[in-house]
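Report on the following structure.
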Amino acid sequence: MPQERTEVQVRAGAEADLEALTDIYNHFIRETAITFDTVAFTTEQRRPWLHSHPEDGPHRLLVAHDDRFVGRDGNPGGILGYATSSPFRPKPAYATSVEVSVYCAPEATGRGVGTLLYRSLFEALAGEDVHRAYAGVALPNEASLRLHERFGFTCIGTYREVGRKFGRYWDVAWYEKELGTG
């Protein structure tokens, strides 16, 4: 049965969100091959990641928030998901490229939260000196492929059996989206 749609607010991620953001990400570490991290994080381990995404600039962290949302633990968590734009590679010539990702709480899927987060992220990046966005999608993941294609990403190739998790190898499809004209 589909989840009820709610009024969701998108805002910059904050220190107060760290526990909920860590819980969401840890779910995907433990339960899926969507991320190739294999060991869950503590909130303290995740804090540098949070602080690497300021409220402005090309490297952002946006959260979808709804006070009525109840998390897996039964407590009102508020955070439905998040989207990030992060450095694509550490070398200076890559500075106008970002890698983007979106993660939704398992209870928040099917509500359009990922679409709302990506729309907000790309609107925020419109004024930045960013030329291209890249996204890696561990396969299979039809929902993520549809989301990226909906936002104008083009598949530029697939790394075959590039990651090993849960005792098997996984392919990653790489997607690219033009953001700026510079």
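Bear in mind that the values in this text are calculations on the coordinates, not laboratory data. Given the structure is predicted, the values throughout are model-derived calculations rather than measurements. Here the Cβ positions follow ideal geometry from the backbone for every residue, glycine too, while neighbour counts run over all protein chains shown.
Numerical summary
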read-out	value
All positions within the stretch 91-115 that are assigned to a helix (DSSP H, G or I), in contact (Cβ under 8 Å) with a residue 60 or more places away in the chain and within 12 Å of the chain's Cα centre (by Cα)	113
Every residue from the stretch 116-133 that is surrounded by fewer than 17 Cβ atoms within 10 Å (Cβ to Cβ) and under 23 Å from residue 174 (Cβ atoms)	119, 126, 129, 131, 132
Residue within the stretch 125-147 that is under 19 Å from residue 62 (Cβ atoms) and of a type in the set (Asp, Glu) present	yes
Counted residues, the stretch 126-149 - those being among the basic types (Lys, Arg) and in a helix (DSSP H, G or I)	1
Considering residues of the stretch 1-60 that are of a type in the set (Ser, Thr, Tyr) and part of a loop (DSSP other than H, G, I, E, B) only, the residue farthest from the chain's Cα centre (by Cα)	6
Considering residues of the stretch 140-169 that are under 16 Å from the mean Cα position of the chain (by Cα) and aliphatic (A, V, I, L, M) only, the residue surrounded by the fewest Cβ atoms within 10 Å (Cβ to Cβ)	143
